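Heads up, the thing below is written out as structure tokens.
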Amino acid sequence: MAIGKNISLNLKENLEENNKILEVLGDYFYNKIFKLQHPSDCKIARFLVCKLEQFCGFGCVMHHISFCLSIALGTNRTLIFEEDGIKWSYNVRWNDIFEPITNCNYGEDIAPWLPINNYKDISARIDRQLFLDRRSDIPFEVNYQPEVLPKEFSEILFTQHSNPSLWFHGQLIKYIWRESPATREILEKIEAKIPFVEGPIVGIHVRRTDKFKEAQTRNLDDYFKWTDFWFDIENIKLLPSVKDNKNNLNKTIIQQIPRRIFIATEEPKLVIKEAKKHWNDKYEIFYNKLEAKYGFEEGDPIRYTKDSLLAIMAEIKILVQCQFVVCTFSSNVCRLIYELMQAVQGKDMSEAVQSLDFFYTETWKCKKMEAIDNYTKPLNNKDEINANKGDIIEISRPIWNGFVYGKNTQTNSSGLFPSHLLGEIFHSENFPIFYKEE
């Protein structure tokens with residue numbers, strides 16, 4: 001008993017130390033980004049001009065900005081929005097919702113020198129001002145994309161976090177997501193309605209509407225299977241404290257954690273109604289607004305109103321505070337939640353999100369993973385592929401029944417491969433901003 005207690009205390013102390021290190025690193029990263037984004041003299045600063053996406057939703061926009069910011073950090077340039085973010089998907093200005101991305105001004109520091117060269121023109125990269133296209137418009141892979149890991153901190157991050165590049169991307173999103181005082185006041189009122197102080201809450205993000213164009217729609221039952229599983233495991237953790245004086249498990253006194261969930265979805269009326277019909281007796285169900293309107297397809301004007309933007313921001317912030325979230329990584333919002341959890345909760349939350357379709361990757365449609373062990377498919381099985389430990393598998397379809405569909409780049413064969421035998425591939429690059437001292 002004493003040995004077990006000491007192990008628990010040591011584990012707790014180690015976790016607290018790890019969390020403190022991540023907190024210190026997070027503060028360091030934030031301050032470095034803030035300093036680069038707020039040069040003392042904008043007239044001599046080097047700029048990367050980012051065009052805000054005008055044809056995609058909030059999660060997509062945030063990931064495009066993180067793409068721009070990561071490249072700006074890697075090239076030691078100050079990121080600035082084209083026309084200071086006046087034109088983007090939503091019918092409000094960026095600076096009406098968030099803090100300005102930089103203290104410099106597009107009209108004064110960029111416009112007088114137009115036209116400027118493009119970042120994808122390698123010969124022009126010595127220019128003081130460069131324009132960065134949308135990622136889809138760049139015909140080749142560029143350095144410093146968000147999934148990269150700063151080489152300066154790779155060693156320490158690998159000892160503190162199980163997915164260092166995810167943690168780093170979370171820091172980028174954290175800087176971008178700096179709300180204006182007015183926005184913060186609105187969102188805090190919505191967040192205050194969710195009783196996080198009363199115990200753990202599991203989040204569910206159900207993306208439907210336009211999802212059928214990109215990925216398979218999942219039944220609500222698929223989400224609740226994982227919420228049930230999470231709460232079941234949490235209850236099992238309490239079992240040692242409910243044994244009787246004969247050291248037998250007393251099932252009559254097992255403590256049950258109250259099951260609370262928060263549901264975010266673009267179809268609140270339909271989804272919440274279904275959830276209450278089938279799970280209301282088991283769960284206390286929270287949600288934002290039952291009458292919320294998010295639009296039903298890409299391009300729907302309702303989807304890009306200020307109210308819609310604030311609603312999805314509030315839901316993301318609530319989900320980020322949850323202990324566990326079930327969603328689909330084919331959704332930008334799901335990936336955004338996962339990334340922000342690492343920065344906001346200040347600890348390794350890499351196991352806190354369960355995707356119902358794809359593995360996590362910042363771009364989701366393109367994922368390369370490494371076989372962590374040898375695998376030989378069953379005899380006469382034409383659907384699966386073999387792999388040796390270290391082979392690279394390019395994944396092109398979602399996880400299904402424990403398998404993914406992909407191509408072994410070593411053998412050039414395609415087919416199903418066990419998802420549990422795949423590991424992350426990490427890439428690191430030098431970021432001058434993190435070792436240059438002024």
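For the range 367-427, what is the relative contact order in percent, using Cα pairs closer than 8 Å and at least 6 residues apart in sequence?
Once normalised by length, the contact order is 36 percent.
Between LYS189 and ASN430, 0.36 nm times their residue separation minus their Cα-Cα distance comes to what?
Contour length minus the Cα-Cα distance gives 82.6 nm.
Need the full-extension length gain, ILE233 to SER136, defined as separation in residues times 0.36 nm minus the C-alpha distance. One decimal, nm.
The span from ILE233 to SER136 would gain 30.7 nm if fully extended.
Out of residues 5 or more away from GLN354 or on other chains, whose amide H comes under 5 Å of its own, with H placed 1.01 Å from N in the peptide plane?
VAL325, VAL326, CYS327
If you take every DSSP beta bridge fully contained in the chain, what fraction is antiparallel? Give it as a percent rounded to 5.
40 percent
Does anyone have the angle between helix 181-191 and the longest principal axis of the chain? Alpha-carbon axes, 0 to 90°, nearest 10?
Tilt of helix 181-191: around 10 degrees.
Where in the range 341-358 does the label zone of LEU15 land, with the point 7 angstrom along Cα→C-beta and an amide N cut-off under 12 Å?
Counting only backbone N, you get 347-349.
Counting Lys and Arg as +1 and Asp and Glu as -1, what is the net charge of the other residues whose Cβ lies under 12 Å from the Cβ of ASP228?
-1
Round to the nearest 10 and give me the degree value, 0 to 90, for the angle of helix 268-279's Cα axis relative to the longest principal axis of the chain.
Its long axis makes an angle of about 20 degrees.
Full extension from LYS306 to ASP41: what is 0.36 nm times the residue separation minus their Cα-Cα distance, to one decimal in nm?
So the extension gain works out to 92.0 nm.
What spacing in nm lies between the two simple spin-label points modelled at LYS282 and ARG128, each 7 Å away from Cα in the Cβ direction?
6.4 nm
Counting Lys and Arg as +1 and Asp and Glu as -1, what is the net charge of the other residues whose Cβ lies under 13 Å from the Cβ of ARG134?
Net of charged neighbours comes to -1.
Highest GNM mean-square fluctuation, the chain, Cα pairs closer than 10 Å: which of LEU48, LEU379, LEU79?
LEU379
Quick one: net charge of GLU284's neighbours, Cβ under 12 Å, K/R +1, D/E -1?
Taking every other residue near GLU284 into account, the sum is +2.
Rounded to the nearest 10 degrees, what's the angle between the helix 332-344 long axis and the longest principal axis of the chain, both from Cα atoms, 0 to 90?
The angle comes out at about 80 degrees.
In deg cm²/dmol, rounded to 500, what helix-only [θ] at 222 nm does the chain give when every DSSP H run of at least 4 residues adds -39500 (n - 2.57) and the total is split over its residues?
-11000 deg cm²/dmol
We did not get these values from a lab; they are worked out from the coordinates using the rules stated. Bear in mind the structure is a predicted one, so any value in this text is a computation, not a measurement. For neighbour counting, all protein chains shown are included, and Cβ atoms are generated from backbone atoms with ideal geometry for every residue, glycine included.
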